[in-house]
Amino acid sequence: MKLADMQKSDLEAVEKQLLGEFEALKGEGLSLDMTRGKPAPDQLTLADGMLSLVGPGETAGEDGTDYRNYGIVEGIPEARRLFAEYMGVTPAQIIVGGNGSLTMMYDTLAGAVLFGMPGGKGPWKRAGAAAGSGEGASKVICPVPGYDRHFAICERLGLEMVTVPMLDDGPDMDAVEALAADPDVKAIWCVPKYSNPTGAVYSQAVSERLAKMTTGAPDFRILWDNAYAVHHLGGGPAEIPDILSLCEKAGNPDRVLMFGSTSKITYAGSGVAMMAASETNIADAAKKLSFATIGPDKLNQLRHVRFFQSMDGILAHMEKHADIVKPKFDAVEEALSRRLADKGIADWTAPQGGYFVSLDVMDDCASEIIRLAGEAGVKCTPAGSTFPYKKDPADRNIRIAPTLPSVAEIEKAMEVLCVAVELTCARRLLGRNR
Ligand code: PMP
């Protein structure tokens, strides 16, 4: 029954019972962390075979180059070939770099702010323009809810964020097209597959509109962060459109910059990251990079190539991840549907891959729910994190990150979270904040 349809006295009885449950859970002295999308130790162990693949005397590349030494800014050729296939581009359209795609995204935007991008009229940073000042600051479109670290990069670099709603098949394109017509709007963040946090997969129609739309800025960029390209939950990776080809066909070959990494394939701290784009963009990025490094960690790239050998090797490896991760997502779904379905107080996503479940609760309740869960020893991502400037205008979105804890821990944490949701919503309906 919907909580909102209950008589006041029934609702008060529900509140009392929930409070009892909450106090009992609190008494267990839990200490559980559901804050970040980190792989669990057994996922990391899946890649341990990699560690012994580059030993003494095994450090030369396919053409005999000694990878212990300086050089090869764009990444070793064998890694460029493997990850070109992974990203759906040619080897000339990719840079394979260090251990995190976030660094590449940060550097790309920092480079745009300082030096500009091919096709543009100069640096994205305007003299005297401060983020939030309205006039003149370069802007970035942010589908919400979205990934907090994307937003943090923009905030750090003074790029003003403008939001559009994230729908089931990508961002609301009417809203995107309206914003992109503004010459100050320079980019859009996209997580096209199993998006963080909703799990949405971009459709052909949305991707085509992104590739074709008229933009006010000639150097507008789609920041296509394909962080979860092969990270399915057992059903095989979803298909997404080939955005680079769509942009080429639409006459906008330089519009998209694609990012990816093996952070959640091999090691979150020692994977390899990649950026793929038109050869013009790759040449620009390689030039910018050449001022910052004499070359990436080539031995780690070599380890990855030897470990996987081929795209099939990557896909086979991801089946093992799915076996570990799927039961955790099932535990989240089980708790949410058992405790919250049909009560009219929450909706949540059922992702087919990625690292998150997105939970929307009654308006103005998320902060209090997260506070209550914390009081009972369950740490959740702070309310507002999935919005620019950490401000969720409706205070309703909660990101659940189930990969790191064990299934038993998730079951416990979800019990706490669900009780906190019900209790907070019941109190709101009774006209109280707490
Ligand atoms: N992009 C998205 C959408 C992510 O969710 C994450 C990790 N949470 C990253 C990028 C980070 O990637 P990397 O480890 O390659 O820096």
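State all residues of the range 246-265 that are within 16 Å of the ligand (Cβ to nearest atom), outside any loop (DSSP other than H, G, I, E, B) and of a type outside the set (Gly, Ala, Ser); if no residue qualifies, say none.
256, 257, 258, 259
Please go through the range 266-298 and pick out each residue that is part of a helix (DSSP H, G or I) and either surrounded by 16 or more Cβ atoms within 10 Å (Cβ to Cβ) or not aliphatic (A, V, I, L, M) (or both).
279, 280, 281, 282, 284, 285, 287, 288, 289, 290, 298 - these are the residues of the range 266-298 that are part of a helix (DSSP H, G or I) and either surrounded by 16 or more Cβ atoms within 10 Å (Cβ to Cβ) or not aliphatic (A, V, I, L, M) (or both).
State all residues of the range 220-243 that are assigned to a loop (DSSP other than H, G, I, E, B), closer than 30 Å to residue 121 by Cβ and of a type in the set (Phe, Trp, Tyr); if no residue qualifies, say none.
Passing the criteria: only 220.
Condition test on residue 82, is it touching a residue at least 24 places away in the same chain (Cβ under 8 Å), surrounded by fewer than 18 Cβ atoms within 10 Å (Cβ to Cβ) and within 32 Å of the chain's Cα centre (by Cα)?
Considered against the rule, which asks whether it is touching a residue at least 24 places away in the same chain (Cβ under 8 Å), surrounded by fewer than 18 Cβ atoms within 10 Å (Cβ to Cβ) and within 32 Å of the chain's Cα centre (by Cα), residue 82 comes out as no.
Does residue 343 fit the bill of being surrounded by fewer than 24 Cβ atoms within 10 Å (Cβ to Cβ), assigned to a loop (DSSP other than H, G, I, E, B) and of a type in the set (Lys, Arg)?
yes
Restricting the range 204-219 to residues that are in a loop (DSSP other than H, G, I, E, B) and in contact with a strand residue (DSSP E or B) (Cβ under 9 Å, 6 or more places away or on another chain), which is farthest from residue 313 (Cα to Cα)?
Step by step, filter the range 204-219, then rank; the result is 216.
Exactly one of (1) within 16 Å of the ligand (Cβ to nearest atom); (2) in a helix (DSSP H, G or I); (3) among the small types (Gly, Ala, Ser); (4) touching a Pro at 6+ places or on another chain (Cβ under 8 Å) is unmet by residue 175. Its number?
Evaluating residue 175 over (1) within 16 Å of the ligand (Cβ to nearest atom); (2) in a helix (DSSP H, G or I); (3) among the small types (Gly, Ala, Ser); (4) touching a Pro at 6+ places or on another chain (Cβ under 8 Å) leaves (1) as the failure.
What residue, of 120, 98, is more than 26 Å from the chain's Cα centre (by Cα) and modelled with pLDDT of 95 or more?
The conditions single out 120.
Just one of the numbered conditions (1) farther than 24 Å from residue 146 by Cβ; (2) in contact (Cβ under 8 Å) with a residue 60 or more places away in the chain; (3) assigned to a helix (DSSP H, G or I) is not true of residue 329; which one?
So the condition that residue 329 fails would be (1).
Regarding the range 66-73, can at least one residue be identified that is among the charged types (D, E, K, R) and within 31 Å of the chain's Cα centre (by Cα)?
no
Taking the condition closer than 22 Å to residue 316 by Cα, more than 13 Å from the ligand (Cβ to nearest atom) and surrounded by 19 or more Cβ atoms within 10 Å (Cβ to Cβ), does residue 222 pass? Spell out the reasoning first.
Numbers: closer than 22 Å to residue 316 by Cα: no; more than 13 Å from the ligand (Cβ to nearest atom): yes; surrounded by 19 or more Cβ atoms within 10 Å (Cβ to Cβ): yes.
So residue 222 does not fit the description; no.
The values are calculated or read from the model by the stated rules, or taken from the named source; none is laboratory data. These numbers come from a predicted model, not from an experiment. Note that each Cβ is placed from the backbone with ideal geometry, even for glycine, and that neighbours are counted across all protein chains shown.
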